[in-house]
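Following: one structure in structure tokens, then a few remarks.
Nothing in this text is a laboratory measurement; each read-out follows from the coordinates by a stated rule. Quick caveat: nothing in here was measured; it's all calculated off a predicted structure. Using ideal geometry, Cβ is built from the backbone for each residue, glycine included, and neighbour counts are taken over all protein chains shown.
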Amino acid sequence: MKILAITGALRKDSYNTQLLKAVKELAPQDMEIEIVTLHGIPLYDGDEEDKHGLPASVKALQEKVRQADGIIIATPEYNFSVPGVLKNATDWLSRSGNPFKWKRVGVMGASQGPIGTARSQYHLRQNLVGLEAITMPKPEIFVASADRKFANGELTDEATKKVITSWLAAFKDWVAKS
Ligand SMILES: Cc1cc2nc3c(=O)[nH]c(=O)nc-3n(C[C@H](O)[C@H](O)[C@H](O)COP(=O)(O)O)c2cc1C
């Protein structure tokens with residue numbers, strides 16, 4: 001089973017990227033996870049799209065989404081919502097042959113705050129409805145107080161590892177249903 005894991009954060013020490021690294025490490029053997037960042041995706045501009053079509057970086061990411069059996073998105077929370085970087089990328093990806101249509105998706109997120117990106121995940125879920133993705137409703141992963149759960153670039157919190165392991169089992173079933 002091929003899974004594409006998209007992090008909505010660009011910074012190198014991102015908790016959300018570290019979360020996806022933990023997901024990859026804890027994944028079942030038959031689940032192959034590729035983690036991608038959104039570096040290189042330009043700001044959406046309808047004039048550019050009319051003149052030149054989709055940028056190469058967007059086409060390449062669309063192709064990765066198309067080839068994957070399922071998608072995982074880890075989103076930070078910025079001002080109670082999805083970071084512009086991630087929203088911008090989903091806007092581009094939705095254009096011309098939207099590869100998210102009917103795609104099985106799982107969402108998660110980590111923040112230093114007390115509710116672990118719950119608000120941004122629910123905004124992301126709404127965007128994914130627009131993209132006609134089939135997003136797993138439950139279980140959910142809200143990694144709160146992330147600054148206490150990661151150290152030296154790694155997830156160290158055992159309780160969160162357990163949550164991720166059972167989430168992955170549910171996600172595997174969810175993707176297999178497609
Ligand atoms: C512009 C901005 C807005 C933020 N707003 C929120 C917020 O609404 N809720 C929250 O829990 N954290 C918020 N934060 C803190 C982020 O959760 C924190 O920076 C987190 O580490 C970002 O994710 P990352 O580690 O994957 O880069 C905000 C950070 C920035 C830069």
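Report the GluC sites (Glu not before Pro) located in the range 78-157 that are in a DSSP loop and have at most 14 other Cβ atoms inside 10 Å of their Cβ, or state none.
Working: sites: GLU132, GLU140, GLU154; in loops: GLU132, GLU140.
Hits after loop and neighbour filter: GLU132.
Given points 7 Å out from each Cα along the Cα-Cβ axis, report the ASN152 to ASP47 separation in nanometres with one decimal.
Result for the modelled spin labels: 5.1 nm.
Can you work out D for the chain in µm² s⁻¹ from Stokes-Einstein, where Rh is the Kirkwood radius over C-alpha pairs, the temperature is 37 °C and the viscosity is 0.692 mPa s?
The Stokes-Einstein estimate is 202 µm²/s.
Given just the C-alpha atoms of the range 71-164, how large is their convex hull per residue in cubic angstrom?
97 Å³
Over 20 Å between Cα atoms, which of LYS64/LYS149; LYS59/LYS87; LYS64/LYS101; LYS12/LYS64; LYS87/LYS138; LYS64/LYS87 qualify?
Details: LYS64/LYS149 30 Å; LYS59/LYS87 16 Å; LYS64/LYS101 14 Å; LYS12/LYS64 22 Å; LYS87/LYS138 22 Å; LYS64/LYS87 18 Å.
Result: LYS64/LYS149; LYS12/LYS64; LYS87/LYS138 exceed 20 Å.
Among ILE3, ILE72, ILE33, ILE115, what is the fewest-to-most ranking by other Cβ atoms within 10 Å?
By the 10 Å Cβ count, ascending, the order reads ILE115, ILE33, ILE3, ILE72.
List the residues whose amide H sits under 5 Å from the amide H of VAL105, counting only those 5 or more places along or on another chain, with H placed 1.01 Å from N in the peptide plane.
Correct list: ILE71, ILE134, THR135, MET136.
Could you sort the peptides 157-169, 101-113 by per-residue average Cβ neighbour count (10 Å cutoff), highest mean leading?
Sorting 157-169, 101-113 by mean packing, highest first, produces 101-113, 157-169.
Taking LYS177 as the anchor, which aspartates and glutamates have their alpha carbon closer than 12 Å to its alpha carbon, excluding any fewer than eight residues away along the same chain?
Candidates past the 8-residue exclusion: ASP69.
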